[in-house]
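Working notes, beginning with the structure itself.
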């Protein structure tokens, strides 16, 4: 091999041989493909929990007016004017009924479909989908952007638990930051191609004796992952998927130049390149947790960015022909109390709340369920997390009735509804 | 697979004369008309191998009038004591005794014995069918007939079982029809006369059909309900374990033990299944057939009891079994099993291998190059013991085991709302116990009975942070009893004899809380209260019956507890004296030293997951108890054994073995230990920063802090530790050391591997500054990373590469260091 060879050629020339495996054997493991309409999901994560009556389920006890939308007879809060114009591209559920009255418990519940149980950990919906659909095009299949910077607890809820580290989300930094760079996804400039070859030459010397003696399944697995890692490091398309410099200023502006908008833009790039489940978690620090000054926060800080980024994302996906295969979910971990508290805030309300869906297999313009006149209780068509995820799985061609055996031999429903029953797809939501 | 020659050919005449023949069971009871007992004849050759010769021996009964013998099954004819004799050419005759009583008295059909036996043997109550958590098709039976009263209720009264409530859903349709017994669902379903999801189980001509029909005609009685009826208390499996050559067969006999001391053959009333059908299969007569080399267990389910028998399938006998020196009693059990399995242990480990392994296992720390050199040069006859003693007395030992137990005992700021103030006190308590080598039973007693604000009372933080009683109890049982009862929280355990009532009886020890004003507390100090001190008492409610639950021990014995006292002091005393306690402790510690427990996973003791070395487990537990639950002594016993000190270099007989400690098996280093090892080998310490708080401040652990010394590890974000499997202490930690893609990426491009190969203060910089040669540098790094010098081949290959890199020597050395810390030999303990 000459030094002129590109990294890509280097890879294709089979220099992975030093690890005792061929790229062909790695590529042979073709991923399973779902038979659904969608092949990827973007979860626009509204951390903290939006006030449903100030967004998608306007009530007279909201201080904001309802406005008409592009869907006859369907109104949303005046805080979502762009959404209103595009409402026909979305479906809305107004009858979510979930568990968990504080952020950790509720986040765990909506992300895994199960209540916290100290005896075991549950895989996240993203990990399940990633496992069921498999990776595409060497791009990390499960991504969470940006990573939490307040410790591990929240990230853990998005992990794969006993499904294994392969299905954990790759957690990457905030793409809106000027020094944005994805950890471990590119070789530092200090590591030249010669250095890569030098390393492998030394590794061959160092590892030869020991590996001759100890051949374990773990070694074989790590070798396969190493080959995959090289492929990711050396395939320009993978790095390009994480590189927002390819996006025009206009597009960046459209999504919003903050971590909320840029995370969603990156999510779009990633599903375009082949990711299966991307959580765009730009709302940091339980942003939507408006225990004080609910109205001011929703009006000035939260709804404008939600309105802007959500419609930009769906429009952009549609323009690129990706909307039919990409399912978008915009939700938080619960809704907020219909009554205003002493600090002009609204507190946690898992009893009845709303979310929005669009794209891959989801109907356009469905409005599912209803709440009472103040948004306290569901009055029509309770939708559980099990039902919601059954719907998502159906759109992806995954058998929602599936149960995965946990290490202690307990079958875990992938679409777990209330009272230990399996959820059912919400027919009204299906295209 | 090579077939082993017949025993006679192999051993010759002289060996045959030393063979012994025996009959199992040696003594049996036949009570009631038609009672019978299956017998097995076993021939033991002089090399210790055993063979089922039931079909080859001549059987005789004396006096012949007492019993009939057919196909090695003896059936009662008249009362008396009969002698059974088996003869085979080349071995002395063997005999057995059969006590025959009430041979003219027919035994009445009872629900618990006869009907439950049929429901078990036919698979009706297996956990995949009606014995599942929620039953199947509307009929719920207890798995393995563990709860005959409940089963009787569902069969005779009908109704559909609900998991979380005692209420019955829908119409009650009894499964029997006393007016028209033949129309009973209990008969029409299994015969297929009415559609049955489980298919046809038996036909109208079968004995099972007749038994059930007869029972219904008799009015479907439960039988003696007074509690005087003998209960099945356990099963004896004979022989309890088997070693078979490939393709050989061996019959198992199952004898039930009853509460009145009686015994009865249940071989035909149980279900046999193999844990691994590739190794051995079993038919429903209890005949085990070897399929391929390996080890598995035959599981046996009777109505009301489970048991298992270990089965090993071995290759041809070794022509000369090596004599292996013994280190201590650990080796007796481990080597005896290897001998039975015709596997020879590997050689003793080399000095370098041993010192690296024992340093990592006892202190989580690589031995410094100087210690490796010194150890290799020492001629002291007891130098291994000296190193073990030195490590056990080192500060690193305290660091490492404080870390280990902080993991197990879950020191975490995010678990149950601990704040650093509390979690650090808790950590200090653990560390002090390790430092003073406090007896483990005392540690357990303090933790189990701790209340209020004490450092040990991790669960019992005041206000609304108290963990739920059921979670706390399940965790304590998992930690101190090695048993997972969590399943029984919502329903009777599907495979084990843990009932939901037992679960909640135990949970109640953690469920009594007091209200003082608006504050809910467990207890302020370890003292008894009176009713005057509190405003209200909170009781734990049973989730099905909604009635308050009284604390009751796992063996169902209730204990007297003062109304306002601490119920857990008695619980702690009971638990730490229970045999489970020492067994679970030694098994857990053993697991740290060998990468797998004698029962594995280490906290999953159950009848369907038997120990690989029951005698070893018992011997270690006895020793632990006799030595006052001394953890360091236990670790010394383990590390002084030859079993622990074997080389990882396999030989032809043990290459495939992974469960019998025939050699040292490589184990991935835990994330924290690996990160510390990278830091010490490269000479570049890891910087641990606390996550950015909402106020924006960034904290940092002092430079040089090791990963195992982080008091509140979850305060420090570490990509490396996440990738390599640092557990979440929010639950009982389970470490995942399996490789993943993130690790591979991090190894190729991550800061841990790229950013610390050189630089000021690094090992490489220090060596270069001292003018070290390439060879010297290679040796220093090898000693630091692998505790050995490079082999001649490695030295030569290294020199060859370095000779081409004179232009960029330092870059080449960086690449070498990358390769070193990326190698398997480095990332594993072996």
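Mind counting the residues in the range A:419-431 that are away from every other protein chain (no Cβ under 14 Å) and either in a strand (DSSP E or B) or touching a helix residue (DSSP H, G or I) at 6+ places or on another chain (Cβ under 6 Å) (or both)? Summing the residues that are away from every other protein chain (no Cβ under 14 Å) and either in a strand (DSSP E or B) or touching a helix residue (DSSP H, G or I) at 6+ places or on another chain (Cβ under 6 Å) (or both) in the range A:419-431 gives 6. Residues of the range B:710-729 that are more than 22 Å from the chain's Cα centre (by Cα), facing chain A (nearest Cβ under 8 Å) and assigned to a loop (DSSP other than H, G, I, E, B): B:717 alone. Is it the case that some residue within the range B:219-230 is in contact with a strand residue (DSSP E or B) (Cβ under 7 Å, 6 or more places away or on another chain) and closer than 24 Å to residue B:263 by Cα? Yes - at least one qualifying residue is present in the range B:219-230. Would you confirm, using the coordinates I've provided, whether residue A:185 is within 11 Å of chain B (Cβ to nearest Cβ) and assigned to a loop (DSSP other than H, G, I, E, B)? Taking the combined requirement at face value, the residue satisfies it. Sort through B:588, B:606, B:573, B:569 and tell me the only one that's surrounded by fewer than 22 Cβ atoms within 10 Å (Cβ to Cβ) and at pLDDT 95 or above. From the options B:588, B:606, B:573, B:569, the qualifying one is B:588. Of the residues B:189, B:204, B:169, the single one that is outside the structural domain of residue B:299 (by TED's automatic domain parsing), free of Cβ contacts under 8 Å to residues at least 24 places away in the same chain, out of contact with any helix residue (DSSP H, G or I) (no Cβ under 6 Å at 6 or more places or on another chain) and surrounded by 16 or more Cβ atoms within 10 Å (Cβ to Cβ) is B:189. The residues on offer are A:275, A:263, A:287, and the sole one that is touching a helix residue (DSSP H, G or I) at 6+ places or on another chain (Cβ under 8 Å) and crowded, with 24+ Cβ neighbours inside 10 Å is A:275. Looking at the range B:123-167, which of the residues that are within 20 Å of residue B:299 (Cα to Cα) and assigned to a helix (DSSP H, G or I) is nearest to the other protein chains (Cβ to nearest Cβ)? This residue is B:143.
One residue stands out among those in the range B:751-805 that are on the phi > 0 side of the Ramachandran plot and either within 13 Å of chain A (Cβ to nearest Cβ) or part of a helix (DSSP H, G or I) (or both): the one that is surrounded by the fewest Cβ atoms within 10 Å (Cβ to Cβ), which is B:759. Name the residues in the range A:188-203 that are assigned to a loop (DSSP other than H, G, I, E, B) and more than 7 Å from chain B (Cβ to nearest Cβ), would you? Within the range A:188-203, A:189, A:190, A:192 qualify.
Picking from residues in the range B:416-437 that are within 14 Å of another protein chain (Cβ to nearest Cβ) and surrounded by fewer than 21 Cβ atoms within 10 Å (Cβ to Cβ), the one that is modelled with the lowest pLDDT is B:417. Scanning the range B:609-660 for residues that are touching a strand residue (DSSP E or B) at 6+ places or on another chain (Cβ under 9 Å) and modelled with pLDDT of 95 or more, we see that the one that is nearest to residue B:830 (Cα to Cα) is B:647.
Does residue B:668 qualify as being within 22 Å of the chain's Cα centre (by Cα), modelled with pLDDT of 90 or more and at the interface with another protein chain (Cβ under 10 Å from one of its Cβ atoms)?
In short, yes.
Restricting attention to the range B:806-830 and to residues that are out of contact with any helix residue (DSSP H, G or I) (no Cβ under 8 Å at 6 or more places or on another chain) and facing chain A (nearest Cβ under 10 Å), the residue that is surrounded by the most Cβ atoms within 10 Å (Cβ to Cβ) turns out to be B:828. From the list B:81, B:46, the one residue that fits, being more than 30 Å from residue B:171 (Cβ to Cβ) and modelled with pLDDT under 95, is B:46.
Per the listing A:354, A:297, the residue uniquely within 15 Å of residue A:54 (Cα to Cα) and either under 17 Å from the mean Cα position of the chain (by Cα) or part of a strand (DSSP E or B) (or both) is A:354. Scanning the range A:224-257 for residues being more than 9 Å from chain B (Cβ to nearest Cβ) and either crowded, with 16+ Cβ neighbours inside 10 Å or part of a helix (DSSP H, G or I) (or both) gives a total of 23. Among the residues making up the range A:78-134, a single one is within 14 Å of chain B (Cβ to nearest Cβ), surrounded by fewer than 19 Cβ atoms within 10 Å (Cβ to Cβ) and under 26 Å from residue A:324 (Cβ atoms): A:134. Residue B:296 satisfies every condition listed in (1) farther than 30 Å from residue B:273 by Cβ; (2) out of contact with any helix residue (DSSP H, G or I) (no Cβ under 8 Å at 6 or more places or on another chain); (3) without any contact (Cβ under 8 Å) to a residue 24 or more places away in the chain except (1).
How many residues does the range A:204-223 contain that are at the interface with another protein chain (Cβ under 7 Å from one of its Cβ atoms), within 37 Å of the chain's Cα centre (by Cα) and assigned to a helix (DSSP H, G or I)? Of the residues in the range A:204-223, 4 are at the interface with another protein chain (Cβ under 7 Å from one of its Cβ atoms), within 37 Å of the chain's Cα centre (by Cα) and assigned to a helix (DSSP H, G or I). Consider the range A:391-418 and keep the residues that are touching a helix residue (DSSP H, G or I) at 6+ places or on another chain (Cβ under 6 Å) and under 14 Å from residue A:124 (Cβ atoms). The one that is nearest to the other protein chains (Cβ to nearest Cβ) is A:416. The residues of the range B:207-228 that are in contact (Cβ under 8 Å) with a residue 12 or more places away in the chain and not in a loop (DSSP other than H, G, I, E, B), listed by number, are B:208, B:209, B:211, B:212, B:213, B:214, B:215, B:216, B:217.
The values are calculated or read from the model by the stated rules, or taken from the named source; none is laboratory data. Computed from a prediction, not measured in an experiment: that's the story for all the values here. Quick reminder, even Gly has a Cβ in these numbers, built from the backbone with ideal geometry, and neighbours come from all protein chains shown.
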